[in-house]
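Some notes on the structure that comes next.
Derivation of every value follows stated rules applied to the coordinates shown; laboratory data play no part. This structure is a prediction, so every number in the text was calculated from the model and none was measured. In this analysis, Cβ positions are derived from the backbone assuming ideal geometry, glycine residues included, and neighbour counts consider all displayed protein chains.
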Amino acid sequence: MTVLGATQPHARALENETGAERSHRRRWSILAVLGISQLMVILDGTIVNIALPTAQQALHFSNSDRQWIVTAYSLAFGSLLLLGGRISDYIGRKNALITGLVGFAVASALGAASVNFTMLVIARTVQGAFGALLAPAVLALLTTTFTDPGERGRAFGIYGAIAGAGGALGLLLGGVLTSYASWRWTLLVNLFFAVVGVTGAAILMHKDRGVDHDPLDWRGVLSATGGLFALVYGFSHAETTSWSNHFTIGSFVAAVILLGTFASVQLRAKYPLLPLRVVLDRNRGGALVAMLVAGSGMFGVFLFLTYYLQDTLGFSPVLTGVAFLPMVVALSLTAQLSNIVLLPKFGPRPLIPVGMLMAAASLFWLTKLGIASSYPVHILPALVILGLGIGLVFAPAINTATWGVEPHDAGVASASVNTAQQIGGSVGTALLNTLAAGAATTYLVDRAPTKLNVELANVHSYTAAFGYSAMIFIGGALVTGLLLRSGAPKLSESDVTVVAH
């Protein structure tokens, strides 16, 4: 009877709890669902890259067309993120998450069934569009689910590890699927992630009706979407043509005009798409710069170190993915340590700049690579240091960028984080590709184009890219050191209220 009497009040409490209270009780299970959903989006930035040569042979498209398989995804994803964040605020984050997962899965299935180049490009574009709805919803749900500072640190440490290491995991998974199954499985694997995500969201999350039903700022939507599209397209076009190409220059001019228009509209709009209060906070602004810089530098590492491992050292796609695993482990460790222990004590200011300087040091180490370098001696230590440094950047930056935002701003704040990382990746890939190509050309001046010299030129281009990436991180360390405030982040009044409840 005593046991029965003790359990009855508990049972009644569970029956009477609200949807929000039930979601809070299930918050760690919800974190698993959000992590799987975010991993799907991050993986697609690199998993398809490994499969491109095989897909090219199967669908018979040219080298110049191959770039569009990557660009179509990044154009749609990068340009629609702010709108995706606003839509998730309007229709509810759970609805946005499920819609994004289903749409992403359908697009992935379409891509896997592609019979020609056009069909694959359309599928990648649709993937990017639904990813732009999905990614802000994931981070907004994480922001509103974890409000206790201690728990928030652990949750954002896990999310930061996924954001930083997902690209490397994509290389590994892409290599395994391409080598032992088919290039089409690099797309079909998303159906597994989506089924788990949709099922978990439907069971664990309470239904929300949206927190922001203000009229949509259409001038802001059009100018932001057009400006971001032109910016990403400009860098992508520069990568495949040149910086002096008239389409490249025209894209950058259009981006400046449209994004300038967007900023002007946001200052005057009654219901702005991106309230300036979200980005003008020093800590939040510094965190967004950190995501921009880290996205730029990390994409360069994945791209050129992959080239080096496969083309110079002769690693298989699978072994290339395995080679990145020590970095993933190191990143995961410092992502947790920084968010749980260091960020609450010291704040983001020492962590993010120091992490960037560690990343720069590891990249300068990689500039010493030659055609006969050893992975254990010359690459492994640099990857471990890089992982430790990036873990100090990604997790604290994501946490800081969403810290203290009002619930109705969570979607757009989350979209800003994803936009910064995506734009950074697009800028970094195009810029470093161009600089690397120039370094290879310069190396071959006055040298005979023998097989050895061409191989040496390629290695020289990779090490040049590592050096430029290191300088990007040094610049990021200086800027974030100036922007970020000293001291641990403080709870806002809304945070205190939520935690108290």
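Based on the Cα gyration tensor of the range 279-406, what are the three equivalent ellipsoid semi-axes, each the root of five times an eigenvalue, rounded to whole Å and given largest first?
Working: eigenvalues 185, 37, 29 Å².
The three semi-axes for the range 279-406 are 30, 14, 12 Å.
Given a Förster distance of 30 Å, report the FRET efficiency between Leu222 and Glu406 from their Cβ-Cβ distance, rounded to the nearest 0.05. Let's see the in-between values first.
Numbers: r = 25 Å, r/R0 = 0.85.
So the FRET efficiency works out to roughly 0.75.
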For a quick check: sort Ile36, Ile69 by the number of other beta carbons within 10 angstrom, fewest at the front. Ile36, Ile69
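Go ahead and run the numbers for FRET between Val341 and Gln57, Cβ-Cβ distance against an R0 of 41 Å, rounding to 0.05. Before the final figure, lay out each step's value.
On the way: r = 49 Å, r/R0 = 1.20.
With R0 = 41 Å, the Cβ-Cβ based efficiency is 0.25.
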Likely footprinting exposure, Ser29, Ser414, fewest C-beta neighbours within 10 Å first: Ser29, Ser414
Relative pair counts by distance (%), Cα atoms of the range 217-272, 5 Å bins: 4, 24, 25, 17, 12, 9, 5, 2, 0
Considering the options Ala436, Leu392, Phe466, tell which one lies farthest towards the positive end of the dipole of the chain, charges being +1 on Lys and Arg and -1 on Asp and Glu at the Cβ, about the Cα centre. Leu392
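What's the Kirkwood radius of the chain in Å, using all Cα pairs?
Numbers: mean 1/r = 0.0431 Å⁻¹.
About 23.2 Å, per the Kirkwood formula over Cα pairs.
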Potential extension, Leu325-Lys368 segment - 0.36 nm per residue separation minus Cα distance: 13.3 nm
Arrange the following residues from fewest to most other Cβ atoms within 10 Å of their Cβ: Phe193, Phe315, Phe77. Phe315, Phe193, Phe77
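If I take R0 = 30 Å and measure r between the Cβ atoms of Tyr375 and Ala448 in this structure, what FRET efficiency does the formula 1/(1 + (r/R0)^6) give, to the nearest 0.05?
Values: r = 30 Å, r/R0 = 0.99.
Taking R0 as 30 Å, the efficiency between Tyr375 and Ala448 is 0.50.
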Counting Lys and Arg as +1 and Asp and Glu as -1, each charge on the Cβ, what is the dipole of the chain about the Cα centre in debye, to the nearest 20? 360 debye
Top positive-direction residue, dipole computed over the chain with Cβ charges, set Pro326, Pro348, Leu313: Pro348
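For a quick protection proxy, order the peptides 381-394, 228-241, 121-134 by their average other-Cβ count within 10 Å, most packed first. Can you show the working numbers first?
Working: 381-394: 25.9, 228-241: 22.1, 121-134: 23.9.
The peptides rank, most packed first, as 381-394, 121-134, 228-241.
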Helix-only mean residue ellipticity at 222 nm, the chain, DSSP H runs n ≥ 4 weighted -39,500 (n - 2.57), per residue, nearest 500. What is it? -27000 deg cm²/dmol
